[in-house]
Structures are given as structure tokens and as C-alpha cells.
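Shown next, in C-alpha cells, is the structure this report addresses.
No value in this document is a laboratory result; all are computed from the given coordinates. These figures come from a predicted structure and were not determined experimentally. Note that we place each Cβ from the backbone using ideal geometry, even for glycine, and neighbour counts take in every protein chain shown.
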Amino acid sequence: MMHRHNQLQLTLPLRLILVCAALWLGIAGASAQYAEPMMSQYYELPSFYNPGAMGRTDFIRVRAGGRLQWVGIDRAPVSVAGVADMPFKIGKRRLATGLALQHESYGLYRNMTLGAMIAYRMKFLGGTLSPGLRIGLLNQSFKGSEVYIPDDDDFHNPTDEALPTSDVGGNALDLGAGLTYERRGFMAGVSVLHANSPTVRFTSDGIGSGAISGSRDGTPGDTPSSPEGVKNYEFHVSPTLYFTLAGNIPIKNTLFEVLPSAMIVSDFSDITGIATARFRYNKMVSAGLSYRYRDGVALHLGLEIKNFYAGYTYEYPLSEISKASSGSHELVAGYSFKLDLSDKNRHKHKSIRIL
């Protein structure tokens, strides 16, 4: 189950929709969910989805963005993602390192990931091949104290044993790996995040971790290792496969470039993706369109001044979500700078004092 593309029946009362969303907790062990937001400006955050995409320039590169999804719907997903990476050398070996983080809320759920990455860049078939690894922490939490099940004709029982009634959460080890290949303005990459299938387990008393024992199907239940009356829950994230393509095609005798890109995502039970076509003028101003499979179309605007980047995306939903939402908004900004700690630049400043 992918929370990005659930086809909500908007003819139902919104409170009923939110309750159904909350019930995901009870079937989390059998349903896969993405732990990363699918940013429309994925092309500006390549190492966020693939650790092998680090170190593509000589600069330290920082990017961060936020996404307000389905504006107008209460408790719709709100996402923040950031990544920073830098190249370095050990002898003649070219490497890169970086950090990736994200935080997302949707309904009564919160998830956060933080990962450290490293990549090795090598010459291969006239281009550059770069394998990368990512190791980090996955945190999941659920605001059980805010669960509300209306007691009316639709719900005769205002409680549900499948849902905790207190705020619960836990952590788990999160691993990923990726590979990219670049040549002559073209890049292709494949990566797997959550490769170890992290499962966060927590109990109804609010204590949780990746090691707490619980029911394997994700439903609550008493276990011999749990105190009497304490139920166990779990949130499972399946491995997620990302396949990315990006290009830079100059238009001859002009200052224009075509910047096509695409990202295909699968949790091995379902598949989705985004395809984007942008035009850039004088390496400064860019604009384009994208299509998110079964979800929406988006307008992209970007501005690059020296080493600063700012981009905005408006996405209009094509599903029934459009009956309740005016669309999604996304903003990404970043800066690139070069850090040179060599001896020749260490004392490059001049003093105006006369000794």
C-alpha cells in the first residue's frame, strides 16, 4: 500500500476517511509503505534517493525542500527533505560522503529518517561509475492520543483494539545502496532504500524500538514477554527500488538546454513514477512540466544565480482528490560552495596592517 496514491472515496465523510487511514496501523505488517516523500523536484535531490549520486561536482552541495500535499484536506501529507554531499580524495581515489534526512507527517503518522552515505567514483567505459552505501535510522510514531472514532450509525463501538490510545513510536536500523553511471551529460541510476526491510515495533504503553517483540502480522496482541494488558504493534517498510534517468541536451547555437528526467519507484508490489521535461535558459532560468503516474501534472519553475538555487512546483491532482484539494505545493532551495583546504589557499588573505 502506497500512501501517495490511495484512491480516497471523497463522497464519504472526511472523518471516516481519516479513521480508515488510521486503521493502516493494524495492517502495517502486511502492507508496504514508502518512508520517503516523492518530491516533484527529485532531480535536485538525486543523492536523497541514491547514495551513488553524490560527488558529481567539485562542490559541497546542499539542498532542502518542503512539500504541502493535497492542500485543503485535513492532515494531508506534509514533507521536509534535505541532503548534503561533498567530494574528497584519498590518494588517487575519488570518493564522496553526505547526509540525508527527511520528516513527514500524514494523518496521525509521523516518520523520520536520517542516514550517512559514502560513495566511490571510478572511471568506467568512458564515463563515471559510482556505487554508494547508506546507513541510518528510521523512526516511526503514531498519535494514538488523537484517535477519534465517531459513535454514530456507522460506528457503534467508539473504541478499536487495533489502535493504540496513547502516543507510540520506535526506531529501527535502515540500510540502502545505489549505483549511478554518468557520461556526456547523461546519468542513469538504480538504488534500493530500506534494503533490510526495517520494522519498528512498539507497545501500547508508548515504549518502542526496532527490537521489541510483537505479532508478526502487525496486529495488536498480548505476548508472553509483554506485561498483562499491554499490546504490541509494528510498522513495516518494504525495500523500495528507485530507477532514475537525467540528461542535459544543449540546443545548438542557443543559450537553451533541454533537461529531461524521470524517476520510477516500486516497493516490489506496486509501481509509480514521475517524468519531467524542463527547459533552461543561460543556466539561470528554467521551466517545465511533469506527470506523476496516476496522480497529477505539475508546473516547475527554477532560478539559479551563481551557486544558489530556488525552485517551485505546483501540482494539480488528476484523481478524485481534486474534488477536495486545490493541489500540492513544493519549494526547494540550496547552495553549492567549494571548500579548498590545501596549503596554497590556507594563508591567501592579505593584512593591511603595517608592522
Among DSSP bridges having both ends in the stretch 280-337, what percentage is antiparallel? Round to the nearest 5.
100
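Step through the table entries LYS143/LYS323; LYS123/LYS338; LYS89/LYS283; LYS92/LYS252, compare each Cα-Cα distance with 30 Å, and write down the pairs that go over it. Don't skip to the answer; put the middle values down first.
On the way: LYS143/LYS323 27 Å; LYS123/LYS338 23 Å; LYS89/LYS283 28 Å; LYS92/LYS252 36 Å.
Pairs exceeding the cut-off: LYS92/LYS252.
For the peptides 296-306, 126-136, 278-288, what is the packing order when you average, over each peptide's residues, the other Cβ atoms within 10 Å and list the highest mean first? All intermediate terms of the calculation are to be shown ahead of the outcome.
Numbers: 296-306: 16.3, 126-136: 18.5, 278-288: 14.5.
Ranking, from highest mean packing down: 126-136, 296-306, 278-288.
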What number results when the radius of gyration of the stretch 253-342, computed over Cα atoms, is divided by 2.2 N^0.38 Å?
1.35
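Starting from the coordinates of the alpha-carbon atoms of the stretch 47-99, obtain the Kirkwood hydrodynamic radius over all distinct pairs and give the value in Å to one decimal.
Working: mean 1/r = 0.0769 Å⁻¹.
For the stretch 47-99, inverting the mean 1/r across all distinct Cα pairs yields 13.0 Å.
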Please give the peptides 249-256, 179-186 ranked by average Cβ packing (other Cβ atoms within 10 Å per residue), highest first, as a rough proxy for protection.
179-186, 249-256
